[in-house]
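One structure is given below, encoded as structure tokens.
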Amino acid sequence: MKEFTAACSQTRKLDIGDITLAEDGMAIDQTVLNAVEATGHIPFPLRAENGFNVNFGMFHMLAKKFHIPGATMTLGNVAVNGEMRFPAELPHFKKMLKEQSGEENMGQYHLWTTLPGGYILDHAIMSGLHRDGIVEVNEAVPTERYLYGKADELPHGLTYHPMIVGLEFFVASGTIDQEALEYLMGERFPKQY
């Protein structure tokens, strides 16, 4: 929660959103998590290289189809046993904003959904960990294809390091335009997820 609060503060300083996360949260029912997982169209082995589409799509499903309140799109880095998986650092995000280079730099950071109470939901990370031989995933078991849990109680030595929160970064950095964001967060559910 401390790093997430710092990311909220940084996002406000950059004038790209004013987000807070409720410290009280409750776990999402496993049935809902499995239903969200079932909505994805990108095969598990391809999720790591399509992390933006996968996690943005699942965030959209949580917010619009399953009406889960308080979900926040979060951008930053992920470490396994202290080793960062992406080159993302705060100056990278500032540079993307200044240069409008978000679209070209999408693979330089990770995004996931943070839920009230500090729960992390990530539908792309397990694909990358499996591909890199860090964890073994049985693709036939839905709960093994995504990561869900309290940020300070995650398995596999995983730690999440939020740097920016909210959807506004994507427009402000030139990753997607406002019209595309409105379409993607609308009531329709594009099949690219």
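The values are calculated or read from the model by the stated rules, or taken from the named source; none is laboratory data. Not measured: the values here are computed from a predicted model. All Cβ positions, even for glycine, are placed from backbone atoms using ideal geometry, and neighbour counts span all protein chains on display. All accessible areas refer to the heavy atoms of the entire protein, side chains included, with ligands and DNA or RNA removed. Shrake-Rupley method; radii C 1.70, N 1.55, O 1.52, S 1.80 Å.
Quick look at the numbers
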| quantity | calculated |
| --- | --- |
| Whichever residue in region 157-174 is among the β-branched types (Val, Ile, Thr) and not in a helix (DSSP H, G or I) and, among such residues, is most open to solvent (accessible area, probe 1.4 Å) | 159 |
| Cross-chain or 6+ apart pairs with Cβ under 7 Å, region 65-78 first and open to solvent by 60 Å² or more (accessible area, probe 1.4 Å), then in a loop (DSSP other than H, G, I, E, B) | 65/189 |
| Flag if residue 117 is part of a loop (DSSP other than H, G, I, E, B) and farther than 23 Å from residue 41 by Cβ | yes |
| Criterion: aliphatic (A, V, I, L, M) and closer than 13 Å to residue 184 by Cβ - qualifying residue of 63, 27 | 63 |
| All positions within region 91-110 that are part of a helix (DSSP H, G or I) and open to solvent by less than 50 Å² (accessible area, probe 1.4 Å) | 93, 96, 97, 105 |
| All positions within region 136-156 that are open to solvent by less than 30 Å² (accessible area, probe 1.4 Å) and either in a loop (DSSP other than H, G, I, E, B) or over 25 Å from residue 92 (Cβ atoms) (or both) | 137, 146, 149, 154 |
| Answer from 143, 114, 159 - the residue that is over 16 Å from the mean Cα position of the chain (by Cα) and of a type in the set (Val, Ile, Thr) | 143 |
| Top-ranked residue of region 42-64 - restricted to ones that are small (Gly, Ala, Ser) and either part of a loop (DSSP other than H, G, I, E, B) or open to solvent by 20 Å² or more (accessible area, probe 1.4 Å) (or both), ranked as modelled with the highest pLDDT | 48 |
| Conditions (1) farther than 16 Å from residue 161 by Cα; (2) hydrophobic (A, V, I, L, M, F, W, C); (3) modelled with pLDDT of 95 or more; number of the one not met by residue 71 | (3) |
| Close pairs (8 angstrom Cβ cut-off, 6 or more residues apart or separate chains): surrounded by fewer than 11 Cβ atoms within 10 Å (Cβ to Cβ) in region 175-193, of a type outside the set (A, V, I, L, M, F, W, C) and at pLDDT 75 or above anywhere | 187/64; 191/41 |
| Residues located in region 20-41, provided they are β-branched (Val, Ile, Thr) and surrounded by 21 or more Cβ atoms within 10 Å (Cβ to Cβ) | 36 |
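Conditions tested, residue by residue: (1) touching a Cys at 6+ places or on another chain (Cβ under 7 Å); (2) modelled with pLDDT of 95 or more; (3) over 25 Å from residue 34 (Cα atoms).
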residue	(1), (2), (3)
107	no, no, yes
111	no, yes, no
124	no, yes, no
128	no, yes, no
135	no, yes, no
155	no, yes, no
167	no, no, no
174	no, no, yes
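Residue-by-condition table, conditions (1) of a type outside the set (D, E, K, R); (2) closer than 24 Å to residue 135 by Cβ; (3) in contact with a helix residue (DSSP H, G or I) (Cβ under 8 Å, 6 or more places away or on another chain):
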| site | (1), (2), (3) |
| --- | --- |
| 12 | no, no, no |
| 24 | no, no, no |
| 33 | yes, yes, yes |
| 60 | yes, no, yes |
| 66 | yes, no, yes |
| 86 | yes, yes, yes |
| 93 | yes, no, yes |
| 98 | no, no, no |
